[in-house]
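To start, the structure itself, in structure tokens.
The values are calculated or read from the model by the stated rules, or taken from the named source; none is laboratory data. What you are looking at is a predicted structure, and each value in this text was computed from that prediction instead of being measured. For neighbour counting, all protein chains shown are included, and Cβ atoms are generated from backbone atoms with ideal geometry for every residue, glycine included.
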Amino acid sequence: MRLERIKLVGFKSFVDPTAVDFPSQVMGIVGPNGCGKSNIIDAVRWVMGESSAKNLRGESLTDVIFNGTVERKPVGQASIELVFDNREGKLGGEYAQYSQISIKRQVTRDAQSSYFLNGTRCRRRDIVGVFLGTGLSPRSYSIIEQGTISRLIDAKPDEFRAHLEEASGISKYKERRRETENRIRHTKENLDRLNDLREEIDKHLQHLKRQANAAERYKVLKEEERLLKGQELALRWQEFNEQAKQLLVKLEEETTRLQERAREQQRIETEITKNREQQHDLLESHNEVQSRFYSLGSDINRIEQAMQHYKERRQQLQNDLSQAEQAWQALQMHYENDQQILTELTAMTKELTPELSIAQEQVLVSKTKLAAAEELVRGWQVKWDEFNKNAALSSKTAEVEQTQIRHIEQHHLETQKRLTNIVNEKTQLSSEESEAKLTGLEAELLDKTERVTKQEMLLADKLVELQTKRNLRQELAAKLDQLRSELQTEKGRLASLAALQQEALGKKDQVVNQWLAANNLSQASRLAELLTVEKGWEQAVEQVLNSYLEAVCVDEVTEIAARLNHLENFALTLFVPNSAGTTNSRLSYPRLADKVSGASGIVNLLNHVYIAPDLSQALAIAEQLATHESVVCANGIWLSKAWLKVANNAEVKAGVLLREQEIKMCQDKIATLESAAKECEQALAACHEAFNLLEQDRETLQQSLNQSRADLADGKAKISVLQAQIEQVQRRLTRLEGESASLQQQLQAAEGALENARAVWQQAMAAMEVDANIREELLQRRDENRQQLEAAHVKVRDENETLHRLEIQLKTTQSQINGLEQSLDRMEQQRESLQSRCQQLEAALSKGDFPLENMQAELTLALEKRVGVENELNAAKQALDESEYQMREFETQRYDIEQTIQSMRSKLEEKRIREQELKVRCSTLLEQLKELEFDLEITLSSIPEGTDKAIIAEQLAKVASQIQRLGAINLAAIDEFKVQSERKEYLDAQYADIEEALTTLENAIQKIDKETKTKFKETFDTVNQYFQEYFPRVFGGGSARLELTGDDLLTTGVEVIARPPGKKNSTIHLLSGGEKALTAISLVFSLFQLNPAPFCMLDEVDAPLDDTNVLRFCNLVREISKKVQIIFISHNKVAIEMGQHLIGVTMQEPGVSRIVSVDVEEAVAMAEEA
């Protein structure tokens, strides 16, 4: 099994979907710092279930999601998928059948993680479970990141043991053992709860049995009550039925009288209908006359309005004629003025036309002269360009040579200056002073070495003291854990006893608790809690006091008695514990009150109860007792002359006093344990403080040793620096000699080049003087040509302006002439229109007043007709009023009859309602009889003669009284008793099963412990053997081993002892960074020899190694890669060379990582072919 591919999306700097393939056994990941190489290692740990953000170099789990860059936005989720090649079937169990295993994890911004196994959603524990025993886990030895080397070496013995357990596969056994222990703990808890439940059910069954007997008696009485109620209902039905028959006869008589009044009402309705039809005819006649009257009025108004309109129209025509004549006169005046202006403009147009022709000819002549001047300027420009081209060549040559001369002179000066500096430096360089200083530093180095050796010995002694104090602290911590465990057990036992005591004292009765709370008695003690009973007499006191034990203790009863009126459905006992009691007794035998203390008022209850050690003596005492006296034995047998009572230990209240004493003892023990735990905590704190002081001393010694080592290293470094300086001085003198000879040759070559450059420069300067004269002549000719061109431009511009002004003036005049001609045409048309309008108005006014006279005649005729129609309208209205009066008389008669009928109907309806009520009551009684499962006829026949409702009511009251005396009845007690009995049998069977399961689990733990010890011992010996072999190979000598810190193989830690060649260090913490790295590599590869993980990831573990040790590291990697796939990150060229494939991580875009893969063998082959 090996890692085949990693798919990254949105994880840290890998924002784009990226696939990293691992085709070979040795894979190298390279790239510059900060490009995201270690993110690949983080991705593997994260997908395998890492839950600590700190171990992923973040503050929260959402920090693994790409958070954006300057050019990219953040993404919403990160996803990593690992693909494993499982063709060898190394991953066993249910996954052995798969040739490829895929593990995927996703996380969103709201910190919700999802796991997938072969595409199926699963839990984190499923992912961890897949790799148990394979050597793979988020923090296993197969993934070694930056800093993991030091953590592996500096790990505590218990922490290093975890790596051995993972290598040996014990982690699977530990997980099973943990699960088994959890099951045992839960099983024991269930067993305790089940036992408590069985005891409670035993007590409850006795109570249920009594309730079931009462329920049976209750059923018999209820059946008798049901029969009596049925007979009572039958008699009541018989009574209601007789009343209903009598009421039905009265209803029939009232209905006959109501029908007679209804027939009279119908006659009046007929008269009203006839009168309404006659009134309708009169109303239509009235409406027809009224319509003609309104029509004549409308005609009169129309004629009057027409006459008024005609008069207003004639006045309007006269006004329009006057306005038309005035408009014609004004138009005639405008027409004459426009004729005069048109004549003047026509004359002006004839004058402008010749002037425009002359101006056009002058413009043509000026443009010809301008073209000639422009041609002269273009010819000059051609000559000027040719001259500049020739002159630039000479100028450029002069500039180049001048620059060359300046450069050569500058180089000559620098060379001379450098020669001077070399001579001065030779004079200053000397190694005598450095050699003398080196001798002094070597002497100081010897002193520092001796000081370091002494400090190392002191530190070793301090470490021994620390270990002694550490062992003491562990012992105190173990003792404190034991005390806390016992304290927790006692608290749990106290809680169970308190719960049983509350049940026994009735404190769980909600109704009673509510009443007590309402009366500020919820905190009052129960009598059993105040009593102290002499040992051995608890059962006797419980037998005598019985229900008084759960009595609520109060200061006085009188005040509270007033609040007891509303108590229903629950029992309550109040007791005044401090009341005065009499101690007089008739006989001299010891009393039960003498055995009880804690409440003085208890004497009133126990004063007449004597005690006897056994039943025989009690019987002897009973013969002398009075009627109100009794005697009780220690075992709870209570008797007098007339009765005897034996204690029932199965009741809920049994053992209340003993349990109360046990609760007090438990509370005392808890107080003792808490005091011992507090003392142990103080001792542990003192030990911890002493340990911290020792640790501070050790830290001080360590710092001093580190400082001495730093001084020693600094002295060695200074010696190395001085030696290097001496060698450098010698090499520098040799280089200066060679450089001086080279500079002399350069000076000679520079002088020859300077002479040649100056000659060429002088020739170029002479050519430039000739070019200057030619340039002056060309510039003078240019100025003359520009003056001629400018004059031609001015003349053309002036003549164009004159031509343009004449053209505009001519166009304006012509436009005005056209406008005036169009205006004259419009005015002519308006003159003709106004003249026609005046003729029409004169014709309309000439018709006179003939239409007005016709309208006056028509108006007179219409007024005469309206007078006649008005008389007809008055006659029709009078007839209509008489009809309405007669209709009102009939309506009054109808109303009186309706009121009478309504009254009769109301009375009739009341009797019908009464009849219906009797029927409903009869029906209700029949339904009640049916509910009681009685037949009416059979019930009536079963009633004895002479029996009435009073007799049956008396019998019902008697039965109800008997039921009342039974008290509260639990009808479900019979079924509940049966159910609880079956439940008790079931719980007994469950109790036996749980005990059997507990035995099985304990045997399983013993088996797991045995296998764990054997496996761990084999693993420890094997890894220790490989470690002793690899360590000398890595260091070229030395020795190393693993040691157990304890004798118990289940809990012992593992300590690493390593001594490189020539060293006798007392602890591994004294090794240097490189030595720690090599030691860790030896350990990891030893673990891989035992249990090769599918792959091993190494993140820059070679960073602290020199080239020699890097070569040894590479050899070990090549050897282990035969069994394990190696994926390493390195900046060392020697280490990179061992990779069969290289994966390059780049960050061309800031903040975004990309992958480039290279097959090293193919690359080498291509290079050889090239």
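Do you know which residues across segment 8-49 are charged (D, E, K, R), surrounded by 20 or more Cβ atoms within 10 Å (Cβ to Cβ) and closer than 24 Å to SER114 by Cβ? Give the steps one after another, and end with the answer.
As a first pass, look at segment 8-49 and keep what is charged (D, E, K, R): 12, 16, 21, 37, 42, 45.
Retained after the next criterion (residues that are surrounded by 20 or more Cβ atoms within 10 Å (Cβ to Cβ)): 12, 37, 42, 45.
Within segment 8-49, LYS12, ASP42, ARG45 meet the criteria.
Those residues that are among the aliphatic types (A, V, I, L, M) and modelled with pLDDT of 80 or more, I need them from segment 594-625; list them, please.
In the first step, residues of segment 594-625 are kept if they are among the aliphatic types (A, V, I, L, M); the result is 596, 599, 602-603, 605-606, 609, 611-612, 615, 618-622, 625.
Matches in segment 594-625: VAL596, VAL609, ILE611, ALA612, LEU615, ALA618, LEU619, ALA620, ILE621, ALA622, LEU625.
Sort through ALA162, ALA214, ALA244, ALA234 and tell me the only one that's of a type in the set (A, V, I, L, M, F, W, C), assigned to a helix (DSSP H, G or I) and under 30 Å from ASP1047 (Cα atoms).
Values: ALA214 fails: under 30 Å from ASP1047 (Cα atoms); ALA244 fails: under 30 Å from ASP1047 (Cα atoms); ALA234 fails: under 30 Å from ASP1047 (Cα atoms).
Within the list ALA162, ALA214, ALA244, ALA234, the selection yields ALA162.
Since SER941 meets every condition but one in (1) free of Cβ contacts under 8 Å to residues at least 12 places away in the same chain; (2) surrounded by 12 or more Cβ atoms within 10 Å (Cβ to Cβ), which condition does it not meet?
Condition not satisfied by SER941: (2).
Can you tell me which residue is surrounded by the fewest Cβ atoms within 10 Å (Cβ to Cβ) among those in segment 920-938 that are in contact (Cβ under 8 Å) with a residue 60 or more places away in the chain and touching a Leu at 6+ places or on another chain (Cβ under 9 Å)?
Across segment 920-938, the extreme among qualifying residues is LEU932.
Restricting to segment 1063-1097, what's the tally of residues that are at pLDDT below 80, in contact with a strand residue (DSSP E or B) (Cβ under 8 Å, 6 or more places away or on another chain) and β-branched (Val, Ile, Thr)?
Selection size over segment 1063-1097: 2.
I'd like the full set of residues that are of a type in the set (A, V, I, L, M), closer than 19 Å to LYS930 by Cα and out of contact with any Leu (no Cβ under 6 Å at 6 or more places or on another chain), limited to segment 212-243.
Step one: of segment 212-243, the residues of a type in the set (A, V, I, L, M) are 212, 214-215, 220-221, 227-228, 233-235.
From what is left, the residues that are closer than 19 Å to LYS930 by Cα are 227-228, 233-235.
Within segment 212-243, LEU227, LEU235 qualify.
Show the residue pairs meeting these rules: Cβ distance below 9 Å; 6+ apart or different chains; first residue within segment 335-354 and without any contact (Cβ under 8 Å) to a residue 60 or more places away in the chain and under 18 Å from ILE808 (Cα atoms); second residue surrounded by 14 or more Cβ atoms within 10 Å (Cβ to Cβ) and basic (Lys, Arg).
none
Are any residues in segment 735-762 within 30 Å of TRP384 (Cβ to Cβ) and in contact (Cβ under 8 Å) with a residue 60 or more places away in the chain, and if so, which ones?
Quick first cut of segment 735-762, residues within 30 Å of TRP384 (Cβ to Cβ) only: 760-762.
Answer for segment 735-762, where residues must be within 30 Å of TRP384 (Cβ to Cβ) and in contact (Cβ under 8 Å) with a residue 60 or more places away in the chain: VAL760, TRP761.
For segment 64-76, indicate whether the set of residues that are surrounded by 14 or more Cβ atoms within 10 Å (Cβ to Cβ), aromatic (Phe, Trp, Tyr) and within 24 Å of SER1130 (Cα to Cα) is non-empty.
No, every residue in segment 64-76 fails to be surrounded by 14 or more Cβ atoms within 10 Å (Cβ to Cβ), aromatic (Phe, Trp, Tyr) and within 24 Å of SER1130 (Cα to Cα).
Output the residues belonging to segment 400-434 that are of a type in the set (Asp, Glu) and either at pLDDT below 75 or surrounded by 14 or more Cβ atoms within 10 Å (Cβ to Cβ) (or both). Before the answer, list the steps.
The first filter runs over segment 400-434 and keeps only residues of a type in the set (Asp, Glu), leaving 401, 409, 414, 425, 432-433.
Correct list: GLU401, GLU425, GLU432, GLU433.
Against the condition acidic (Asp, Glu) and more than 45 Å from the chain's Cα centre (by Cα), how does GLU1002 come out, does it pass? First the steps, then the outcome.
Numbers: acidic (Asp, Glu): yes; more than 45 Å from the chain's Cα centre (by Cα): no.
Here the answer is no, as GLU1002 does not meet what is asked.
Residue by residue through segment 1047-1062, note down the ones that are at pLDDT 80 or above and surrounded by 12 or more Cβ atoms within 10 Å (Cβ to Cβ).
Once the filter is applied, which keeps residues that are at pLDDT 80 or above and surrounded by 12 or more Cβ atoms within 10 Å (Cβ to Cβ), segment 1047-1062 yields THR1052, GLY1053, VAL1054, GLU1055, VAL1056, ILE1057, ALA1058, ARG1059, PRO1060.
Out of (1) part of a helix (DSSP H, G or I); (2) closer than 25 Å to PHE1020 by Cβ; (3) free of Cβ contacts under 8 Å to residues at least 60 places away in the same chain, the odd one out for HIS1069 is which?
(3)
Quick check on my filter: what residues within segment 1114-1151 are assigned to a helix (DSSP H, G or I), touching a strand residue (DSSP E or B) at 6+ places or on another chain (Cβ under 9 Å) and surrounded by 15 or more Cβ atoms within 10 Å (Cβ to Cβ)?
Going through segment 1114-1151, the residues assigned to a helix (DSSP H, G or I) turn out to be 1114-1120, 1133-1136.
With the extra rule that they be touching a strand residue (DSSP E or B) at 6+ places or on another chain (Cβ under 9 Å), the set shrinks to 1117-1118, 1120, 1135-1136.
The answer is VAL1117, ILE1120, ALA1135, ILE1136.
Kindly indicate whether any position in segment 720-740 is over 30 Å from LYS426 (Cβ atoms), part of a helix (DSSP H, G or I) and among the β-branched types (Val, Ile, Thr).
Step one: list which residues in segment 720-740 are over 30 Å from LYS426 (Cβ atoms), which gives none.
Among the residues of segment 720-740, not one is over 30 Å from LYS426 (Cβ atoms), part of a helix (DSSP H, G or I) and among the β-branched types (Val, Ile, Thr), which makes the answer no.
Give just the number: which of (1) in contact with a Leu (Cβ under 7 Å, 6 or more places away or on another chain); (2) within 27 Å of MET1147 (Cβ to Cβ) does ILE101 not satisfy?
Of everything listed in (1) in contact with a Leu (Cβ under 7 Å, 6 or more places away or on another chain); (2) within 27 Å of MET1147 (Cβ to Cβ), ILE101 misses just condition (2).
From the list VAL1034, VAL979, pick out the single residue that is surrounded by fewer than 16 Cβ atoms within 10 Å (Cβ to Cβ) and either under 30 Å from LEU205 (Cβ atoms) or not charged (D, E, K, R) (or both).
Details: VAL1034 fails: surrounded by fewer than 16 Cβ atoms within 10 Å (Cβ to Cβ).
Going through VAL1034, VAL979 in turn, just one is surrounded by fewer than 16 Cβ atoms within 10 Å (Cβ to Cβ) and either under 30 Å from LEU205 (Cβ atoms) or not charged (D, E, K, R) (or both): VAL979.
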